[in-house]
């Protein structure tokens, strides 16, 4: 198998593992506003919740490794550099995500009441989103379909920011990044 084929298999595997975690991990808990109801849901399905957390984390890390395989097989030096940069950002984000998942899997009440520290998730969001740009550049420079590179650079970044806009960790990002983050979300909503 070529590095590109291995990367494709890893991306599919990572997405599947992450998706499995999302399906079994009490997905409704993210839409419920009442902390007491969230806590009851998580206590009722404690085993599933705890099994799902490593699946979420493994999916992110496997996808980052896929980018590493793309980088290892890149013929163009600029593409290889961009893809390795993306791989490092995604893996580092995956480590922060892993810590966030550990906390929410072991401190269920704190997760339900949204009192866990926000920095691990915020770091995951910033690093993952930041890793998407060099990934897109690496795809553009590496001879992959142009639409894939541009889609990764532009649309995915904006979609990701919009998806997490309501998460408590993003409020932390808004304070940290001030007006820039607000403007990015405003631009994103206008482009839709």
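Here are a few things to note about the model shown:
- Candidates are the residues of segment 100-144 that are touching a residue at least 60 places away in the same chain (Cβ under 8 Å), touching a helix residue (DSSP H, G or I) at 6+ places or on another chain (Cβ under 7 Å) and not in a helix (DSSP H, G or I); the one that is nearest to residue 36 (Cα to Cα) is 113.
- Residue match in segment 29-51 (condition: touching a helix residue (DSSP H, G or I) at 6+ places or on another chain (Cβ under 7 Å) and free of Cβ contacts under 8 Å to residues at least 12 places away in the same chain): yes
- Filtered residue count, segment 49-76, keeping only those that are outside any helix (DSSP H, G or I) and either surrounded by fewer than 23 Cβ atoms within 10 Å (Cβ to Cβ) or in contact with a strand residue (DSSP E or B) (Cβ under 8 Å, 6 or more places away or on another chain) (or both): 2
- Among all positions in segment 166-181, there is no residue which is modelled with pLDDT of 80 or more, closer than 30 Å to residue 41 by Cβ, surrounded by fewer than 19 Cβ atoms within 10 Å (Cβ to Cβ) and more than 14 Å from the chain's Cα centre (by Cα).
- Taken as a whole, segment 5-25 holds at least one residue that is buried (at least 16 other Cβ atoms within 10 Å of the Cβ), under 30 Å from residue 143 (Cβ atoms) and more than 17 Å from the chain's Cα centre (by Cα).
The values are calculated or read from the model by the stated rules, or taken from the named source; none is laboratory data. Worth saying up front: this structure is predicted, and the values here are computed from it rather than measured. Heads up, the Cβs are rebuilt from the backbone with ideal geometry, glycines too, and the neighbour counts pull from every protein chain shown.
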